[in-house]
1. Out of 20, 53, 71, whose Cα points farthest toward the positive end of the dipole of region 6-234 (charges: +1 Lys, Arg; -1 Asp, Glu; placed on Cβ)?
2. For region 18-28, in order, what is each residue's ³J(HN,Hα) by Karplus, 6.51 cos²θ - 1.76 cosθ + 1.60 with θ = phi - 60°, in whole Hz (x at glycine and Pro)?
3. Count charges around residue 145 for me, please; just the other residues with Cβ under 14 Å from its Cβ, Lys/Arg as +1, Asp/Glu as -1.
4. Over 32 Å between Cα atoms, which of 13/242; 13/232; 31/253; 14/114; 14/242; 171/232 qualify?
5. Roughly how tilted is helix 160-176, in degrees to the nearest 10 and between 0 and 90, from the longest Cα axis of the chain?
6. When you count, for each residue, the other Cβ atoms within 10 Å and take the mean per peptide, how do 249-255, 128-134, 112-118, 158-164 rank with the highest first?
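Throughout, read-outs are computed from the coordinates displayed, never taken from laboratory work. Remember, predicted model here, so these are calculated numbers, not experimental data. With ideal geometry, Cβ positions are generated from the backbone for all residues, glycine too; neighbour counts draw on all protein chains shown.
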Amino acid sequence: MPRVSAVSLRDRKKAGEKIAVLTAYDFPTAKLIDQSGVDVVLVGDSCGMVVMGRENTLSVTMDEMVYHTRIVSSAVERALVVGDMPFLSYQVSPQEAVRNAGRLIVEGGAQAVKLEGPAQRFGDTIRAILDASIPVMGHIGLQPQSIHQLGGYKVQGRDAEGRTRLIEEAKGLEQIGCFAIVLECVPASLAKEITESISIPTIGIGAGPDCDGQVLVMHDMLGMGKYTKFSKVYFDAGAAMKTAFESYVSEVKSGAFPTAEHSFE
Ligand code: KIV
């Protein structure tokens with residue numbers, strides 16, 4: 001089966017086919033996710049929180065993103081791999097942004113990058129990355145790299161002014177040439193309006209059912225992340241793993257493991 005490309009996602013929107021996106025950070029789960037038929041694997045800077053246990057995503061470095069992106073890329077054969085640009089990897093200058101986006105492609109093996117913020121703020125940067133032939137996925141609404149400015153993890157675009165701004169931001173990202181846009185934590189009716197007003201796919205997280213696709217953080221959907229209203233636990237792997245670890249500890253203590261079956265003559 002051919003690999004999903006940034007260009008082909010636009011055709012899915014035209015055909016009315018929904019797009020499934022999941023995050024991944026390591027080899028075995030990236031392989032399983034790819035085999036599940038997901039369209040896009042996002043190596044999100046959320047790895048700072050769900051894999052590294054940090055309070056937010058702000059301290060994630062380029063080297064850490066390259067490391068995780070390379071691991072995921074080596075496992076994924078079919079889905080589009082998108083590497084997330086961490087805080088300060090693209091905010092300083094377009095030149096630095098191109099260099100860092102290029103690292104996610106060359107060293108990380110990704111086929112596209114994602115960055116947070118509208119074209120109204122990062123137009124020159126997004127254009128420079130696109131000019132280097134690197135596809136860019138936008139990300140508006142709640143932008144976790146701006147939590148200190150936003151005052152916390154809050155739903156965005158609730159009032160008329162916020163709604164108008166977000167619609168303009170989505171149109172700006174479409175016009176500049178992004179191949180898709182993540183809409184994070186925006187009212188469902190606004191996500192629907194944005195989705196209907198642009199030709200590139202919207203990928204929602206906490207943005208209701210009318211986006212062109214959905215993205216979830218893998219650890220949240222496996223019961224190993226934080227509880228969020230917009231996520232759904234499809235399998236409580238966290239609880240299953242804890243039970244397995246407890247059984248192992250108890251069998252080692254009691255001498256029930258290992259038996260002859262797990263031993264050499
Ligand atoms: O870092 C991430 O995983 C993300 C998704 C939540 C969209 O940006």
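1. Looking along the dipole axis, the top candidate is 20.
2. Per-residue couplings from phi come out as 6, 10, 9, 10, 9, 8, 8, 9, 9, 5, x Hz.
3. Values: positive: 54, 114, 121; negative: 45, 55, 84, 116, 184.
Neighbourhood net charge equals -2.
4. Values: 13/242 40 Å; 13/232 24 Å; 31/253 34 Å; 14/114 22 Å; 14/242 44 Å; 171/232 29 Å.
Over 32 Å Cα-Cα: 13/242; 31/253; 14/242.
5. Helix 160-176 sits at roughly 90 degrees to that axis.
6. 112-118, 128-134, 158-164, 249-255
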